[in-house]
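The values are calculated or read from the model by the stated rules, or taken from the named source; none is laboratory data. Just so we're clear, the structure is a prediction, and the values are computed from it rather than from any experiment. Cβ atoms come from the backbone with ideal geometry, glycine included; neighbour counts cover every protein chain shown. SASA here: full protein model, heavy atoms, side chains in, ligands and nucleic acids out. Shrake-Rupley method; radii C 1.70, N 1.55, O 1.52, S 1.80 Å.
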Amino acid sequence: MPQEIRLPDIGDFHDVPVIEIHVKPGDPVKKEQTLVTLESDKATLDVPAPADGVIGEFAVKIGDKVSQGSLIATFASVEGEVASPAPAAHPTPPPPPPAHVDFEAEIVVLGAGPGGYTAAFRAADLGEKVLIVDKHATLGGVCLNVGCIPSKALLHVAKTIDEAAAMGAHGVAFGAPTIDLDAIRAWKDSVVKRLTTGLTGLARQRKVTVVRGEGAFTSQNTLRVETAEGPRTVRFAKAIIAAGSEPVAPGFIPTDKRIWDSTAALEMRFAPERLLILGGGIIGLEMATVYRALGSKITVIEMMDQLMPGADPDIVAPLAKRLGKLYDKILLKTKVTAVEAKPEGLIVSYEGADGTKTETFDAMLVSVGRRPNGKAIGAEAAGVKVDERGFIAVDREMRTNIHHIFAIGDIVGQPMLAHKASHEGKVAAEVASGHKSAFDAKVIPSVAYTDPEVAWVGPTETELKAKGVKYGKAVFPWAASGRSLALGRDEGLTKTLWDEATNRLIGCGIVGTDAGDLISEAALAIEMGSEAEDIGLTIHPHPTLSETFAMSAEAFAGTLTDLYMPKKT
């Protein structure tokens, strides 16, 4: 006989509407797989499958209201036996409290990066008693302390050096710069300090408690934090995991002070004469930009067939062309096979189209990716599921499989970007505080702060082709932009991708000066469902780089006058 799945005790909720049914009669399901979703005025609740099996018939439809004991569906386990009753849709009762608790909070946030501190501050603004656990000496996580912010300070230094040198061709010669690494490092550190000090003040104003140390779950409602003063126990009602990620390196890479990850590269201990960048992605190319400006000779080794593999080739091409003139070597479809650390240098062997070669470098930046910290936080003690790569699965409310524990940022999946984590942090905080919220962004922009900058948002052209999606395309070359020419940089372009059926923007790629600032307009246009005419009829100031976006839209709409584009026949 099929088992009846009835709504378990969901607390003080009655006549809760069914807002989503995730499976159909006859569908096989796994234990804990969500069958239906309910939504009250306070929370969204998932009703899971009690075991592996097959769904029979549903007794509810979307819009029906249910209460404890309501029949949801019939179900048979895979063995054809009666399955156990469905687990409760509310959190599992916590285990007995530990003998000693040092801190208590309504919401604890594990990690204080952009996602973590955003979540903590938003929850505090909503009236929750919030505690942050973080291992860094200052708030801000990897991004503010050893990532996004210090790298942008150094990239500003590099940009100033390069622009001063470029003006020599236009009648203004400054002479060779004098490089003071100690002063540069101090400038970079001062930028970081201003921001992290500001975060400390914001936490104080909101009465958010900060506990510094390595945190790990010891149960579904407790954390153990290894602080400088010894272990401390934190008890919480709800938790938001914002533990981020860490750099990874191939196993054959030895430990040596001349072999850097991104954090070590930002320390600016010295500017090596020859620097190898292992990995031609965003982080590697940004740091290559910095060290080349400081005098290093750069070699880039990338396993894929282009730099910045996530972006469209035509968007990367202007960057690759410029770097090809500035760097010693860019070796694509090449892999490093061995590294030896010797007194005279790092002896690196690599294989590529021209066979196996060996070269000596003075330093090496390993920038081949990052690994989420899901396996480093004791998640199993809380019952939170972590996959083999260290990622934690969440729903649109940022909930994990444990109803009162949320996760955000790098640890929940790609893209690993601070601005994505911040938006997820607000959603998690709002839901944890009893408000309706969900992460429903259509697109998330990506930016490489190289020179020129590369930015894209929405599906790339490569992705659309791979999926067989019919699309329209328009490209506006910056060689026709007065502002770009006045800057002495005409290599850029703005590409827009369109749904031909609706004329709505679906994607955009930009390469050129300040592309990272320009891409936001495209993201907004996609979120708002803008058509080509909407963008073209929006008056953009002239002469600006931003008008290249409008001109690309006009090119698709057939109204562009700044270029002669014969009508398609």
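Screening K207, K238, K159 for residues that are of a type outside the set (S, T, N, Q) and more than 30 Å from A382 (Cα to Cα) leaves exactly one candidate, K159. Selection of first residues in segment 164-183 that are touching a residue at least 40 places away in the same chain (Cβ under 8 Å) and closer than 25 Å to L266 by Cα and of second residues that are of a type outside the set (S, T, Y) and surrounded by 13 or more Cβ atoms within 10 Å (Cβ to Cβ), restricted to Cβ pairs under 6 Å at least 6 apart or on distinct chains, gives the following pairs, ordered by first then second residue: I179/L294; L181/M268.
Could you check, for segment 191-206, whether at least one of its residues is open to solvent by 70 Å² or more (accessible area, probe 1.4 Å) and touching a residue at least 60 places away in the same chain (Cβ under 8 Å)? Taking every residue of segment 191-206 in turn, at least one turns out to be open to solvent by 70 Å² or more (accessible area, probe 1.4 Å) and touching a residue at least 60 places away in the same chain (Cβ under 8 Å).
Taking the listed residues A448, A428, the one that is farther than 22 Å from G111 by Cα and among the small types (G, A, S) is A448, with no other qualifying.
Within segment 521-539, can you find the residues that are at negative phi and surrounded by fewer than 16 Cβ atoms within 10 Å (Cβ to Cβ)?
Hits for segment 521-539 are L524, E527, M528, E533, L537, T538, I539.
Take the conditions (1) touching a Lys or Arg at 6+ places or on another chain (Cβ under 7 Å); (2) part of a strand (DSSP E or B); (3) open to solvent by 10 Å² or more (accessible area, probe 1.4 Å); I298 misses just one of them, which is (3). If only residues of segment 389-412 that are within 17 Å of R370 (Cα to Cα) and either in contact with an Asp or Glu (Cβ under 7 Å, 6 or more places away or on another chain) or open to solvent by 10 Å² or more (accessible area, probe 1.4 Å) (or both) are counted, the one that is modelled with the lowest pLDDT is R389.
Residues to consider are L518, L497; find the one that is buried (at least 22 other Cβ atoms within 10 Å of the Cβ) and assigned to a strand (DSSP E or B). Testing whether each residue is buried (at least 22 other Cβ atoms within 10 Å of the Cβ) and assigned to a strand (DSSP E or B) leaves just L497.
Somewhere in segment 460-473, is a residue under 20 Å from G111 (Cβ atoms) and under 21 Å from the mean Cα position of the chain (by Cα)?
no
Being crowded, with 21+ Cβ neighbours inside 10 Å, touching an Asp or Glu at 6+ places or on another chain (Cβ under 8 Å) and in the same structural domain as E273 (by the TED database) is a property that holds for A293. Considering only residues in segment 122-159 that are of a type in the set (G, A, S) and not in a helix (DSSP H, G or I), the one that is least open to solvent (accessible area, probe 1.4 Å) turns out to be G140.
Every test in (1) charged (D, E, K, R); (2) surrounded by 17 or more Cβ atoms within 10 Å (Cβ to Cβ); (3) assigned by the TED database to the domain that holds G113 is passed by D362 save one, and that test is (3).
Suppose the filter is in contact with a helix residue (DSSP H, G or I) (Cβ under 6 Å, 6 or more places away or on another chain), touching a residue at least 40 places away in the same chain (Cβ under 8 Å) and among the hydrophobic types (A, V, I, L, M, F, W, C); does V142 pass it?
Working: in contact with a helix residue (DSSP H, G or I) (Cβ under 6 Å, 6 or more places away or on another chain): no; touching a residue at least 40 places away in the same chain (Cβ under 8 Å): yes; among the hydrophobic types (A, V, I, L, M, F, W, C): yes.
No.
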